[in-house]
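What follows is a single structure, written as structure tokens, with notes after it.
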Amino acid sequence: MEEKSGYSEQTTATAKLKDILRKLLAAEDVVGMRDLKGELSAEEASKLGGSIAAAVEGVVLTALRDRDLAEEIAPVLFEKIEEGVTDPLPYKHFLQMLGYVHRLEIRGETQDPKEMFRAYAAVRKKMDLGDVEKRRAELKKELDEMLTKRSKGKHGKNSMFA
């Protein structure tokens, strides 16, 4: 009898976390839209968005340890990716991590952790990772200089910057 009760409590907790996640993701969209409309200051949007992100991360971290929860929240994350207003990239990463850890099926495909190694090998084929940090610093400096010139109006007759 207690086992059934324990199962019921776990099911209830999973359902509650799924509902909380769905509401948090909707709240993130609301904050993003209110920010775009100018109804929130950048500071307010940032603080609220940061709080939402931390709470979402808590749910995802819990799901990394609980396959049942991962299976329940995966469709919620997928829905956010497909229909949300704000940047879907973090949710793609969360969904992918859950897929790898629990070997979940996402879009009809079971996630294989070996994919991570193949992806790394593909990146290494396309880019020299040996000096990538040096290259990033060089590019950042070049872009900073370019943006500084733009902001000072030193664009000449280039209609692209008119």
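The values are calculated or read from the model by the stated rules, or taken from the named source; none is laboratory data. Just so we're clear, the structure is a prediction, and the values are computed from it rather than from any experiment. When we count neighbours, we look across all protein chains shown, and the Cβ atoms used for this are built from the backbone with ideal geometry, even at glycine. Just so you know, the surface numbers come from the protein's heavy atoms only, side chains and all, with ligands and any DNA or RNA stripped out. Shrake-Rupley method; radii C 1.70, N 1.55, O 1.52, S 1.80 Å.
Some points to look at:
- Residue in segment 155-162 that is assigned to a helix (DSSP H, G or I), aromatic (Phe, Trp, Tyr) and surrounded by fewer than 11 Cβ atoms within 10 Å (Cβ to Cβ) present: no
- Hits in segment 93-103 (condition: loosely packed, with under 15 Cβ neighbours inside 10 Å and within 23 Å of Asp29 (Cβ to Cβ)): His93
- Per-region count, segment 78-112, residues more than 17 Å from Gly50 (Cβ to Cβ), within 11 Å of the chain's Cα centre (by Cα) and among the β-branched types (Val, Ile, Thr): 1
- Candidate set from segment 47-67 (those that are assigned to a helix (DSSP H, G or I) and among the charged types (D, E, K, R)); member that is least open to solvent (accessible area, probe 1.4 Å): Glu57
- Unique match (being closer than 23 Å to Val101 by Cα and among the acidic types (Asp, Glu)) among Glu43, Glu83, Glu9, Glu79: Glu79
- The set of residues in segment 104-127 that are open to solvent by 60 Å² or more (accessible area, probe 1.4 Å), at pLDDT below 90 and assigned to a loop (DSSP other than H, G, I, E, B) comprises Arg107, Gly108.
- Residue match in segment 68-75 (condition: open to solvent by 90 Å² or more (accessible area, probe 1.4 Å), assigned by the TED database to the domain that holds Leu95, out of contact with any strand residue (DSSP E or B) (no Cβ under 6 Å at 6 or more places or on another chain) and within 17 Å of Gln96 (Cα to Cα)): no
- Subset of segment 27-46 [open to solvent by 40 Å² or more (accessible area, probe 1.4 Å) and under 17 Å from the mean Cα position of the chain (by Cα)]: Glu28, Val30, Ser46
- Options Arg136, Arg107, Arg65: the member that is out of contact with any strand residue (DSSP E or B) (no Cβ under 6 Å at 6 or more places or on another chain) and not assigned by the TED database to the domain that holds Asp29: Arg136
- First in segment 52-73 and among the acidic types (Asp, Glu), second anywhere and surrounded by fewer than 16 Cβ atoms within 10 Å (Cβ to Cβ), Cβ under 9 Å, 6 or more apart: Asp66/Gln10; Asp68/Gln10; Asp68/Thr11; Glu72/Ala15
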